[in-house]
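Data block below; observations after.
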There are 2 protein chains.
Amino acid sequence: MKIVITGATGFVANALVNRLIQENHEVYAIVREESNTSSISKDAKLYVDNGDSHALNNFFANVNPDGVVHLASLVLVEHTTDDIFPLINSNILFGTRLLEAASKSNTKWFINTGTFWQHYNNEDYNPVNLYAASKEAFEVMAKYYYETQGIDFVTLKLNDTFGEGDTRRKIFNLWRDLEKSGKSLGMSPGEQIIDISYIENIIDAYSQLIENMNVDNKHKYNGKSFSLNADERMSLKALSKVYEKVTNSTLDIVWGERPYRDREVMVPWDKGEVVPGWKQKIPLENAIARVINSEEEN
Amino acid sequence: MKIVITGATGFVANALVNRLIQENHEVYAIVREESNTSSISKDAKLYVDNGDSHALNNFFANVNPDGVVHLASLVLVEHTTDDIFPLINSNILFGTRLLEAASKSNTKWFINTGTFWQHYNNEDYNPVNLYAASKEAFEVMAKYYYETQGIDFVTLKLNDTFGEGDTRRKIFNLWRDLEKSGKSLGMSPGEQIIDISYIENIIDAYSQLIENMNVDNKHKYNGKSFSLNADERMSLKALSKVYEKVTNSTLDIVWGERPYRDREVMVPWDKGEVVPGWKQKIPLENAIARVINSEEEN
């Protein structure tokens, strides 16, 4: 298959590019002019988007891809006034330009990436932050395309993610640094439930979804959403115990030293449907062990 | 009250500015650098937005308005690739910047304007075109603000509109020109139901909504939508008969000479709730007669 992918300089899409190439797909990564593309597999073809929509239309017309996996996103837990333009630009405008180009080239399917943060309080839609609102707004724009332009559209919603090569300042990296530093770390009371998925499990879900969408178009997804849940869900506190067990370490965390953040998600969305045909292969403890081992090897 | 209004160079907002000034409100019209503001009442204060969000925040902080009536919009029945950026810029980005500035200045309420086109086939959401999708996407962005920032938000959805001074190439203007020209006009089969509202009735609804929102904040609207329906709904063909009766003319229309457009709305949305306290004061026939008379006077 010919597959266009966005966000390939980021953690999840970068790993997906590698998997798709392994699976012998022809991969086209759309990157920005300012992107550092050194981490992207040399077997992927690059297209540099400079904001010119006609050039993007031409790129799609020339490649004539089977589908698009859209993972590029500007992620912001909180925004400032200056973030509004880049947020709308990255999370609504860019995706709409992709759908326009894809529709014009008769691309069959489009896999979009959403976030559990679209579902504060487990509601059908209640955004945790303006970032989550922009993700929902893009799905609303997309409806025009899948209702009128014959392209199929589905959203896979992710929550926390981790894995080898993840350099973001997220929980396991924080704890790893804490463990090495010998210092103590003030955290929130730690009762919030964490749903964190390992990169290989995530890539399995995208791969399964691509397979599903490429089967004959009898049953279209038509804007449906799926969620990427971890089999293990537990409080942040309990998760720290799992981490300590796997790494055989003791973390010096002062629970309750910091307040919960505004609109802290205490119970992540649990009403999503799982991608048909997918199940989690790598359990949480094994995944943590893999990541730790890979770090030690490097 | 101090009321900020957008879109005042357009037909509906221009008339609303006049009414609000009549009602002794202090009116601030936000216009663009390229706007021709000559039609806007001299009693309104103008603020020129050049896209600088900090300047917009400062404007709101200085004025400290009670509320915003947002009528500015880029309306497109059909779009081309080049329209995507201006559409998102006008219909999503500008409104989000307004909500950001309004929230920061503790503005109490925000009245947004939507369209029946958000409800193709009378569905809860199905956009007739990308313009309608962008209107829905803005409501989705707004949810972040009314859920988290204490501002109340409501949308009034309009369908067709007409009235004195309306220069748009819409149905009554077309027929007026046809009547004067003595020519014939090819139209669609004419069975689509038309729901067209007279400007004074529309302005009544905004005025009522402003009143409702300014009452103590006990019952917030929290993102609710209302619809502006005409009491009279009839096919385009039947409407032409009403026009002929009021104007004592005969229109030479060749029905069926042109096809319906793609996604022609055969039955406009009729599931909307009416603004509490509002009802249509001027019946359709009187409204048409008023518009015709005012033209003859000019």
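Which FRET efficiency value, to the nearest 0.05, is calculated for residue B:244 and residue B:281 with the Förster distance at 25 angstrom and r the Cβ-Cβ distance?
Details: r = 24 Å, r/R0 = 0.97.
Plugging the Cβ-Cβ distance into 1/(1 + (r/R0)^6) gives 0.55.
Could you let me know the centre-to-centre spacing of segment B:2-61 and segment B:279-298, using Cα atoms, in angstrom?
Cα centroid to Cα centroid, the span is 27 Å.
So what is the relative contact order for chain A, in percent, with contacts set as C-alpha pairs under 8 Å and at least six apart? All intermediate terms of the calculation are to be shown ahead of the outcome.
Details: 518 pairs, mean separation 52.3, N = 298.
About 18 percent, as a whole number.
Name the residues whose placed amide hydrogens come within less than 5 Å of the amide hydrogen of residue B:157, ignoring near sequence neighbours (fewer than 5 apart) on the same chain.
B:114, B:226, B:227, B:228
With charges only on Cβ, +1 for K and R and -1 for D and E, what is the dipole size of segment B:1-65 about its Cα centre, in debye, rounded to 20? Walk me through the intermediate numbers first.
Values: 5 positive and 7 negative charges, 35 e Å.
It works out to roughly 160 debye.
What number, in percent, do you get for the relative contact order of segment B:138-204 if the mean sequence gap of Cα pairs under 8 Å and at least 6 apart is divided by its residue count? List each step's numbers first, then the result.
On the way: 27 pairs, mean separation 27.5, N = 67.
Once normalised by length, the contact order is 41 percent.
How large is the dipole of the protein assembly as shown about the Cα centre if only Lys and Arg carry +1 and Asp and Glu carry -1, each at its Cβ, rounded to the nearest 20 debye? Working shown, then result.
Details: 62 positive and 84 negative charges, 43 e Å.
Result for the protein assembly as shown is approximately 200 debye, rounded to the nearest 20.
Once you order the gyration tensor axes a ≥ b ≥ c over the Cα atoms, which shape class does segment B:250-298 get: rounded for a/c under 1.5, otherwise prolate or oblate by comparing a/b with b/c?
Working: a/c = 3.27, a/b = 1.06, b/c = 3.07.
Oblate is the answer for segment B:250-298, as a/c is 1.5 or above yet b/c matches or exceeds a/b.
Rounded to a whole number, what is D in µm²/s for segment A:17-119 from Stokes-Einstein with the Kirkwood radius over alpha-carbon pairs (4 °C, 1.567 mPa s)? Write out the running numbers ahead of the final one.
Numbers: Rh = 15.0 Å.
Rounded, D is 87 µm²/s.
Compare the Cα positions of B:247, B:221, B:276 along the charge dipole of segment B:198-298 (+1 at Cβ of Lys, Arg; -1 at Cβ of Asp, Glu; about the Cα centre) and return the one farthest towards the positive end.
Final value for the positive-end residue is B:221.
Residues of B:129-139, mean number of Cβ from any other protein chain within 10 Å of their own Cβ, rounded to a whole number?
Working: counts 2, 7, 1, 3, 10, 6, 1, 5, 14, 2, 2.
Mean number of neighbouring Cβ atoms from other chains: 5.
Which entries in A:135/A:170; A:180/A:237; A:224/B:224; A:170/A:220; B:45/B:281 show an alpha-carbon gap greater than 27 Å? Intermediate values should be presented prior to the final figure.
Numbers: A:135/A:170 21 Å; A:180/A:237 19 Å; A:224/B:224 24 Å; A:170/A:220 36 Å; B:45/B:281 30 Å.
Checking Cα-Cα distances, A:170/A:220; B:45/B:281 exceed 27 Å.
Run the numbers on segment B:97-148 and let me know its relative contact order in percent, using alpha-carbon pairs under 8 Å that are six or more apart. Before the final figure, lay out the partial values.
On the way: 33 pairs, mean separation 15.2, N = 52.
Reported as a whole number, the value is 29 percent.
Using a 10 Å cut-off around each Cβ of peptide B:90-102, what is the average number of partner chain Cβ atoms that fall inside?
The per-residue average across the peptide is 3.
Need one number: nm distance between label points at residue A:294 and residue A:32, each 7 Å from Cα along Cα→Cβ, rounded to one decimal.
If labels sit at residue A:294 and residue A:32, their model points lie 2.5 nm apart.
Label-to-label distances across copies for residue A:220, with labels 7 Å out along Cα→Cβ, in nm, shortest first?
Ordered by distance, the counterparts are at 3.8 nm.
Determine by what factor the alpha-carbon radius of gyration of chain B differs from 2.2 N^0.38 Å, reporting the quotient.
Details: Rg = 19.5 Å, N = 298, 2.2 N^0.38 = 19.2 Å.
For chain B, the normalised Cα radius of gyration comes out at 1.02.
Using the alpha-carbon atoms, what tilt in degrees (0 to 90, nearest 10) does helix B:199-214 show relative to the longest principal axis of chain B?
Taking Cα atoms only, the helix is inclined about 20 degrees.
Can you tell me how much longer the chain between residue B:50 and residue B:123 gets when fully stretched, taken as 0.36 nm per residue apart minus their C-alpha distance, in nm with one decimal? Present the calculation step by step, with values, prior to reporting the outcome.
On the way: separation 73, 0.36 × 73 = 26.28 nm, distance 3.69 nm.
Here the answer is 22.6 nm.
Label-point separation (nm) for residue A:83 and residue A:169, each offset 7 Å from Cα along Cα-to-Cβ?
1.3 nm
Relative to the longest principal Cα axis of chain A, at what angle does helix A:236-247 sit, 0 to 90 degrees, rounded to 10?
Once rounded, the angle reads 80 degrees.
Where does helix B:284-297 land angle-wise versus the long Cα axis of chain B, in degrees 0 to 90, nearest 10?
Approximately 90 degrees, to the nearest ten.
At most 16 other Cβ atoms within 10 Å and a DSSP loop assignment: could you name the chymotrypsin sites (Phe, Trp or Tyr not before Pro) in segment A:118-160 that fit?
A:125
Within segment A:250-269, find all residues whose amide N lies under 11 Å from a label point positioned 7 Å from the Cα of residue A:237 along Cα-to-beta-carbon.
The answer is A:255-256.
Every number in this text was worked out from the coordinates using simple rules, so none of it is lab data. As the structure is a computational prediction, the values presented were derived from the model and not from experiment. As a convention, Cβ positions derive from the backbone with ideal geometry for all residues, glycine included, and neighbour counts pool all protein chains shown.
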